[in-house]
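The values are calculated or read from the model by the stated rules, or taken from the named source; none is laboratory data. For clarity, every value in this text was computed on a predicted model and none was experimentally measured. Every residue, glycine among them, receives a Cβ derived from its backbone with ideal geometry; neighbour counts consider all protein chains shown.
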Amino acid sequence: MSRKAAQIPPRRRSPFRLERRQADDTAEIQAAIDYAVVEGINAVFVPPGQFGLMPQEGNYLWPTASSNRKNYAALRVPSDFVFYGAGSKSELVLLGTLPSPGTTDGRGDFATTHMVVNQGAAGLPKTIVNRNIVVRDIKFNGSFVEQSGEGVSFCGVEGFLVTNCEFTQSYYETNYFVFCRGGEYSYNRCYQNGIFQIDGGGPMADSSTDISIHHNVIIDSGYYAVLLIDSFNCWL
């Protein structure tokens, strides 16, 4: 059996324009990930091009405690898996989000969308549910979609690596790592994220241990570059 990375078919039409909101590739990319798992392949390659993402109603994650805002995911990746691209030429672009009635922070009734999460993230587990996930060489563009647009978020993951990625136009933080252990976030470029002097910015580690955050470029950040909350033995 071949162990080469499964590949998302290259886009055959011209790159879409964001305002057209018509190129949703979420199902195709998730199908490639799911196919790889079934076939015993441990990686999926995102080829050069722009690929649109939308949150999926079946990928409900958790409510944000401070605002009652719902959180959803677009893509889910499993343990022992590599999700990678060709650098900034491989761009995932968030096209929209889902409604979240009853939010309490006055910022609109829109859900937060996490573009990529680990497979076991739903329900905000406080124990390790996935291990050894690598995301590298991909550009994540949140396009400042309605209170949304976080890039890669992990909950309950041990041994993750997020490296050589770009994160831009995320409404809040670029990444959210919660109840994780032994992760590395390195050589990434984060720019034009968050709400200036109000909220958001670069990566956040919450209730996590042994997270190494190093050699990143974080500019034009909303409120913080890196935020650590109740996290221990973390290195910057």
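Yes/no per residue for (1) surrounded by fewer than 19 Cβ atoms within 10 Å (Cβ to Cβ); (2) out of contact with any Ser or Thr (no Cβ under 9 Å at 6 or more places or on another chain):
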| residue | (1), (2) |
| --- | --- |
| MET115 | no, no |
| ASN118 | no, no |
| GLY123 | yes, yes |
| ASN130 | no, no |
| ARG136 | yes, no |
| PHE144 | yes, no |
| CYS155 | no, yes |
| VAL162 | no, no |
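When CYS190 is tested against (1) at pLDDT 95 or above; (2) in contact with a Lys or Arg (Cβ under 7 Å, 6 or more places away or on another chain), exactly one condition is not met: (2). Checked against (1) more than 28 Å from GLY182 (Cβ to Cβ); (2) assigned to a loop (DSSP other than H, G, I, E, B); (3) among the hydrophobic types (A, V, I, L, M, F, W, C), PHE51 passes all but a single condition, namely (2). When LYS126 is tested against (1) within 16 Å of ASP25 (Cα to Cα); (2) of a type in the set (Lys, Arg); (3) part of a loop (DSSP other than H, G, I, E, B), only condition (1) is not met. Does the stretch 147-160 contain at least one residue that is charged (D, E, K, R) and under 14 Å from VAL82 (Cβ atoms)? Within the stretch 147-160, none of the residues are charged (D, E, K, R) and under 14 Å from VAL82 (Cβ atoms). For the stretch 145-191, which residues satisfy the criterion of being of a type in the set (Gly, Ala, Ser) and either in a strand (DSSP E or B) or over 15 Å from GLY222 (Cα atoms) (or both)? Scanning the stretch 145-191 gives GLY151, SER153, GLY156, GLY159, GLY182, GLY183, SER186.
If only residues of the stretch 78-96 that are of a type in the set (A, V, I, L, M, F, W, C) and surrounded by 21 or more Cβ atoms within 10 Å (Cβ to Cβ) are counted, the one that is farthest from VAL134 (Cα to Cα) is LEU95. Screening LEU61 against (1) crowded, with 17+ Cβ neighbours inside 10 Å; (2) in a helix (DSSP H, G or I) leaves a single unmet condition, (2). Filtering the stretch 24-36 to residues that are surrounded by fewer than 18 Cβ atoms within 10 Å (Cβ to Cβ), touching a strand residue (DSSP E or B) at 6+ places or on another chain (Cβ under 9 Å) and of a type outside the set (D, E, K, R) leaves only TYR35. None of ILE213, ILE138 is farther than 18 Å from HIS114 by Cβ, modelled with pLDDT of 95 or more and of a type in the set (A, V, I, L, M, F, W, C) except ILE213.
For GLY151, the conditions (1) touching a helix residue (DSSP H, G or I) at 6+ places or on another chain (Cβ under 8 Å); (2) among the small types (Gly, Ala, Ser); (3) closer than 21 Å to GLN50 by Cβ; (4) modelled with pLDDT of 95 or more all hold with the exception of (1).
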